[in-house]
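Working notes for the structure below.
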């Protein structure tokens, strides 16, 4: 039930169900939950690490010190050291830029592709949309990782390949979401109202359909970044990503694999870092999504 | 004065008074919000005896629904409920825990909600749903429960109950769903039934059936609390009426007295707000809509056109169901609309009236027939060539919120509706927005607000302002006042009537509500199953209905809609 005020007066009477008439001032007050605050903190840390790793690192990432190889985490080396005595914490910090760029890049590729495919599937003529739909369905049938492996096999391992492989691999799922959003917006009351006003199709597309379809993608993008980092690391771990001297997190995992019994921290810590970053990105993505759905901007 | 429909049971002799079921004295309900408590019910008191119906009437936000929910222990989180007395069958309800309420709810007090589609589990056959209520209270064994469910469905007038019990809510019509919901509320034979707007979303004839059912329930000795904003609904059933405003009871008395000789001004305004044949030509609300200087419409050939504005000829629209069968939604419908007149299209849901409106708006392509707008080709043109004429016909929907882009504020919504070829400068467009707001009685304060934060009435005013932005000749009003409560509906109807007079608008007014149609239509089309069964002037239709269906519709109207019971 909608509460109704005498419409010329600004005050709002108490509503029967207290749902829809909360005045705008109180709507703006949004609780900052501790999990979101924590996620923002984590992302800020990694952002700084990506921009200026020197500020956060305690050692040079490539400084060899064979006298202190394979040290467990401690006061001198927070995350321990690897077989050549390199400080793992500093390597993680210096690897952030590459890991994040691969994550962001893959997410951008994925959503960009999804936007194109999704729009075509929703808006193009019957032949084109039908073909795109079939293509998306076929791509969808491949597991993301398998598809990414295929692309790496064709293009050869490198950071760029990783971005493309992960991006293309995860695009079909997002293309489906984009298509659904556009179809929903196209059948909405406001699009019909705009048609009734005599607005041309192109304007309606620009003004209503695209913005309303894209809006939820802001949240999806952050979710996608987290996921892409995980996929990219999996590729590196399989030795199909960035070459070993780099301290990209997946590569760290790969390098630590041989010492899993002697120095488990070499594989546990980079793994945890990936999980923490992905979690943080997902938490923020969900928060943005919740805010958008509740109508707040 | 007509009192025939008012319940004679109101004069029950005090000596033979049946047992009192529910006693409420000075009930107060508040919600804690942001540290301080906001009280929404201030001192509600009444007694309810077996076989009696007490109605609580008021507009949205008056606290009537909160009161109803409190009486079944569903006030909600963060609510504080206080009362000097609150007892059901002499059992004190104050300090009841959730567990206590679960024991009482269903068995001693049943609850019927407004919308059966939302209140019934969509994935469960209705028979199971009703059986669940029995099972939870440990009633009988499986076989006897099944028999009881069928008996219940049968008793609320659900035909071939055995088949219906196996269907899910979405497979049932609105009326059958509401009956199923009532059956589930009556399942454990509670002494008291709380019905919160039980007929609001229903068609007139279905509404009459549900009211008959509730009346029958009352005759069988149930005590009913009826919550409604619609006095014509309440008048059929209530023995006693409490009028609520802003959480206070402003009037309380026997139904007949409240309806025919209301003492409080608010009650009088509620009664006066009920539209009907007797209200034609006068305003429903007490406050006169502001008369604003009407901005002149730019002179165009269209503005001068004197012929029929809309001419629909033999419109046909078919829909193919998922199972392949073809359903004719609109069948050979023809009509004309002259300048300055209101053509009412009345019918129940599924009668094809909204589809007809959409065809007239050229938002749905007809399968046959065509509509001419201002004497020019209209529905037969491709959309590209229609755009030029679109400004001449605009639309206001039942649910304004969904017709606004959720990202936009009122300013943007209205500015968008103003053609930049009419008013090339931004300043001129802003001025026009201010003009439109004044026209529909809104203050500029709403400009920066999202429609989400506006009340239902304000939203509908924004929708009307948008419809008027391009200086249209025809406005299609598709159930435009149907989701508003009586007071707000009265205000919007008054606004529409005033605007029509000031701007010389023509309305194609689609509604299921005969009271509204009889209040403002000049001519009426009565539609049933896609066919126009009767047409004529409003006097012909309401004074001399020819078709059985029209008679049935009018018979379902309450005297409040046709005869003045009081002069406010």
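Need one value for B:448-459: mean number of C-beta atoms belonging to other chains within 10 Å of its residues' C-beta atoms.
6
Please compute, for peptide A:223-230, the average count of beta-carbon atoms on other protein chains lying within 10 Å of each residue's beta-carbon.
For peptide A:223-230, the averaged partner shielding equals 0.
Normalise the Debye intensity by I(0) for the protein assembly as shown, one equal point scatterer per Cα, no solvent, then take log10 at q = 0.09, 0.10 Å⁻¹ and round to two decimals.
Listed by q, the Debye log ratios stand at -1.04, -1.17.
Please rank B:218, B:108, fewest neighbouring Cβ atoms within 10 Å first, as an exposure proxy. Mind showing how you got there, number by number?
On the way: B:218 22, B:108 19.
Least crowded to most crowded, the residues run B:108, B:218.
Give me the compactness ratio for chain B, meaning the Cα radius of gyration over 2.2 N^0.38 Å.
Details: Rg = 25.3 Å, N = 568, 2.2 N^0.38 = 24.5 Å.
Dividing the Cα Rg of chain B by 2.2 N^0.38 Å gives 1.03.
Return one quarter of the surface area of the convex hull spanned by the alpha-carbon atoms of region B:108-170, equal to its mean projected area, in nm².
Numbers: hull surface 18.2 nm².
Over all viewing directions, region B:108-170 projects a mean Cα-hull area of 4.5 nm².
For helix A:265-293, what angle does its Cα long axis make with the longest principal axis of chain A, in degrees from 0 to 90 and rounded to 10?
It is inclined by approximately 10 degrees.
Using the alpha-carbon centroid of each, what span in Å lies between region B:239-282 and region B:168-228?
First find each Cα centre; the distance between them is then 23 Å.
Testing the spin-label approximation: label points 7 Å from Cα along Cα→Cβ at residue A:45 and residue B:212. State their distance in nm.
7.2 nm
Expressed as an acute angle from 0 to 90° and rounded to the nearest 10, what is the orientation of the C-alpha long axis of helix B:456-468 relative to the principal long axis of chain B?
Once rounded, the angle reads 10 degrees.
What share of the DSSP beta bridges in chain B is antiparallel, in percent to the nearest 5?
Numbers: 48 of 85 bridges.
Looking only at bridges with both residues in chain B, the antiparallel portion is about 55 percent.
For region B:304-349 and region B:89-110, what is the centre-to-centre distance using only Cα atoms, to the nearest Å?
52 Å
Mind telling me which of A:195, A:160, A:283 comes out most flexible in a GNM of chain A, alpha-carbon contacts under 10 Å?
Looking only at A:195, A:160, A:283, the largest GNM fluctuation is found for A:195.
Compute a Gaussian network model of chain A, connecting alpha carbons closer than 10 Å, and tell me which residue from A:105, A:271, A:250 fluctuates the most.
Evaluated over chain A, the most mobile residue of the options is A:271.
Per-residue mean of other chain beta-carbon atoms within 10 angstrom of the beta-carbon, peptide A:197-205?
On the way: counts 14, 13, 5, 3, 3, 0, 1, 0, 0.
What the average comes to for A:197-205 is 4.
Based only on other Cβ atoms within 10 Å, what is the fewest-to-most ordering of B:92, B:399? It would help to have the intermediate numbers written out before the result.
On the way: B:92 12, B:399 18.
Ordered by Cβ neighbours within 10 Å, fewest first: B:92, B:399.
Counting other beta carbons within 10 Å of each Cβ, put B:124, A:86 in order, fewest first. List each step's numbers first, then the result.
Working: B:124 14, A:86 21.
Fewest to most other Cβ atoms nearby, the residues stand as B:124, A:86.
Relative to the longest principal Cα axis of chain B, at what angle does helix B:126-136 sit, 0 to 90 degrees, rounded to 10?
30 degrees
Could you rank the peptides B:378-388, A:112-122 by their average count of other C-beta atoms within 10 Å per residue, with the highest value first?
Working: B:378-388: 14.7, A:112-122: 20.7.
Result, highest mean Cβ count within 10 Å first: A:112-122, B:378-388.
What's the center-to-center distance, using Cα atoms, between region A:53-109 and region B:425-446 in Å?
Using only Cα atoms to place each centre, the spacing works out to 61 Å.
Looking only at A:278, A:175, A:141, which one moves most when chain A is put into a Gaussian network model with springs between Cα atoms under 10 Å?
Residue with maximal mean-square fluctuation among A:278, A:175, A:141: A:141.
None of the figures in this text is laboratory data; all of them are computed from the coordinates on show. All values reported here derive from a predicted model rather than from experimental measurement. Ideal geometry is used to build each Cβ from the backbone, glycine not excepted, and the neighbour counts take in all protein chains shown.
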